[in-house]
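Only one structure is covered here, and it is reproduced in the block below.
Each reported figure results from applying straightforward, stated rules to the coordinates on display, with no laboratory input. Since we're looking at a predicted model, the values are computed, not measured. All Cβ positions, glycine included, derive from the backbone under ideal geometry; neighbour counts span all protein chains shown.
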Amino acid sequence: MEMKQKLFTKKLLAVGLVLSCLSYQSLAADGRYIIGYKAGSSEFVRSLVAQARGQVTRDLGRHDALAVSIPARAVTGMQSNPNVLYVEEDARR
């Protein structure tokens, strides 16, 4: 019985390790960006981020900007939107 329990524990740990690696890869696929927008366009830009399957990580409303995590493939679309003034990479500090 004890042998089966140890084997089960090892399998469970292996599954946990695989899942944590997959989670890390999905996080690494998204980039950190600052998106500056025209005054009054905050909600619209938030909806663009959500459509890109991104996430707003910080509201920089005093600067008409959002810190976001979005897939790199979505950056070009954001930059071409007339409500977006700029998209720049947000370096880790």
Efficiency of FRET between Ala39 and Arg73 - r from beta-carbon atoms, R0 41 angstrom, step 0.05: 0.90
Scoring only Lys, Arg, Asp and Glu (+1, +1, -1, -1) among other residues with Cβ under 15 Å from the Cβ of Gln55 yields +1
In a shell of Cβ-Cβ distance under 15 Å around Glu43, excluding Glu43 itself, what net charge do Lys and Arg (+1) and Asp and Glu (-1) give? 0
Using modelled backbone amide H atoms (1.01 Å from N, in-plane), which distant-in-sequence or interchain residues come within less than 5 Å of Gly31's amide H? Ile70, Ala72
